Structures are given as structure tokens and as C-alpha cells.
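The values are calculated or read from the model by the stated rules, or taken from the named source; none is laboratory data. Computed from a predicted model, the values in this text were never measured in an experiment. Glycine gets a Cβ as well: all are built from the backbone with ideal geometry, and neighbour counts include every protein chain shown. Heads up: the accessible areas ignore ligands, DNA and RNA and are worked out on the full protein's heavy atoms, side chains in. Shrake-Rupley method; radii C 1.70, N 1.55, O 1.52, S 1.80 Å.
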Amino acid sequence: DTGVSQNPRHKITKRGQNVTFRCDPISEHNRLYWYRQTLGQGPEFLTYFQNEAQLEKSRLLSDRFSAERPKGSFSTLEIQRTEQGDSAMYLCASSPRSGGPGDTQYFGPGTRLTVL
Amino acid sequence: GDSVTQMEGPVTLSEEAFLTINCTYTATGYPSLFWYVQYPGEGLQLLLKATKADDKGSNKGFEATYRKETTSFHLEKGSVQVSDSAVYFCALRLTGNQFYFGTGTSLTVIP
């Protein structure tokens, strides 16, 4: 068990460019979450996958954001036409199959995006 | 809507002092409640949790009791150490899969 990994750890891009982040959850965790965290704030939920199915999306997730988990393992989060307001830490978390109310989420280290 | 309100920081304590970080919640149902901790340069880690009223979560000397009557889940530790310096996040989860996090409370413990 190597934990949740995220790549890249840092990304600097120019406004208008597209960026893609990758998350590798803990193996055999079927639930995967994406969050956004800005300075001085707690993580804000973006979207949730159970296996390959995207089951929940926050209204924060504009049309420029898309997430996939094609084989139910790793996931990607793409932001198109980035804006300066997209600058944030993007966190990925996974949790195991039990589905109980006390399910623990295991977080990755995050990808810090800076849009110039 | 569903939300979590945390005591604002930063909090600075001397080693061996008593710690309380307040957390209250607003929820339409009966949430599970969590405290996560983020040490400098590291990702969020679960510290403790409680899934129903009157449950007490505990870990590493930290405790929090799920109080339905006051909609609270305050974090306490009797004697903090320098190694407890971190940012602490209160969070709730309802029946869906969305977690709602507070804004975080930064704790610095000085020797």
C-alpha cells in the first residue's frame, strides 16, 4: 500500500491553456474523489467516482472541468481554457469498498496549479 | 445548506497546554463527523471520527464527542506537543458521498 499518488505535484500554466492532472488511488479502493482547496480554506468537493462511474458532481465543476476514471483505477482531471481563478491545490482521495457512514478517505499530496 | 464552522486560528500554545478547537455543524440529516490533520508539507490524514450521536472518537491523545444537542464536535487534547503543530480540519459526511470541510485551524505549539 503506497498511498494515493498525484502527478504532477506542481503545474504552472498560462491563462487559456489546458491542463490535466492524474490521481492513482490506493489499489482496490473503488471510490475516488476530487477536491479543490484554496489558500486558507478547507477542501471543496468537486466530483466522486465509484469504480468507473462518475456518480456525483458539484455545481463548482464548471463545463471547463472534466474528470474520468476509464478503468476504475486511476483518474484524470482536465481543466480547459484555464483562468486565474482556477489556481488552487487539487486533491484526490480514495476510500475502500465498505460504503459505511464512517468511511475514511485517504488523501493524496495534491497538485498545486498556478495560472499566470 | 450543510456546512461546518470551525474556530478561526491561528492558535499558538505552549507545550503541555490544553487544546480545544471548536467545530459546529449544520446538516439536514444525521452526519458522520471527522477531524483531519495536515502536517506541514504532507497530505490530509484522518485523525478521528464519530458516526452517531454521543460517540467519542479518539486517537493520539486527541478526543472529540459527537454532540447532537449542540451540533458540535469539538477537538480536545490534554497536553499538546510540538509535533502536534499542524492544520486541523473538521468535516461532515451525510448519506451521500460529499464531504463538507471547515476552513481549517492552524495550531502552533512552542517549546
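Summary table below
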{"item": "Surrounding net charge for B:Thr28, when Lys and Arg each add one and Asp and Glu each subtract one, Cβ distance under 15 Å", "result": "+1"}
{"item": "Ranking by accessible area, most exposed first, for B:Tyr39, A:Tyr90 with a 1.4 Å probe", "result": "B:Tyr39, A:Tyr90"}
{"item": "Accessible surface, 1.4 Å probe, highest first, among residues B:Tyr100, A:Tyr106, B:Tyr30", "result": "B:Tyr30, A:Tyr106, B:Tyr100"}
{"item": "Computed over chain A: relative contact order in percent, which uses C-alpha pairs under 8 Å that are six or more apart", "result": "36 percent"}
{"item": "Amide H contacts of A:Ser5 (H built 1.01 Å from N, under 5 Å, at least 5 apart or other chain)", "result": "A:Asp24"}
{"item": "Area accessible to solvent at B:Thr70, 1.4 Å probe radius, in Å²", "result": "80 Å²"}
{"item": "Table column - 3J(HN,Hα) (Hz), region A:53-62, Karplus curve with 6.51, -1.76, 1.60, x for Gly and Pro", "result": "8, 8, 9, 9, 9, 6, 5, 5, 7, 6"}
{"item": "Projected-area mean, region B:53-111, by convex hull of Cα positions, square nanometres", "result": "4.9 nm²"}
{"item": "Residue-normalised accessible area of chain A, given per residue in Å² at a 1.4 Å probe", "result": "51 Å²"}
{"item": "Length-normalised contact order of region B:1-93 in % [C-alpha pairs under 8 Å, at least 6 apart]", "result": "36 percent"}
{"item": "Dmax and Rg, reported as Rg then Dmax, of chain A (C-alpha, Å)", "result": "13.5, 42"}
{"item": "Solvent-accessible area, 1.4 Å probe, carbon plus sulfur percent, for region B:1-109", "result": "47 percent"}
{"item": "In Å², nearest 10: area of A:His29 left accessible to a 1.4 Å probe", "result": "30 Å²"}
{"item": "Amide H partners (placed H, <5 Å) of A:Ser87, local residues excluded", "result": "A:Val115"}
{"item": "Distant-in-sequence amide H partners of A:Asn51 (H built 1.01 Å from N, under 5 Å)", "result": "A:Arg31, A:Leu32"}
{"item": "Residues losing 40 Å² or more accessible surface upon assembly, region A:18-60, compared with the chain by itself, 1.4 Å", "result": "A:Pro43, A:Phe45, A:Glu56"}
{"item": "Hydrodynamic radius by Kirkwood, which averages 1/r over all alpha carbon pairs of region B:1-68, in angstrom", "result": "13.5 Å"}
{"item": "With all protein chains modelled, accessible area of B:Glu15 [1.4 Å, Å²]", "result": "80 Å²"}
{"item": "When the convex hull of its Cα atoms is projected in every direction, mean area for the protein assembly as shown (nm²)", "result": "12.4 nm²"}
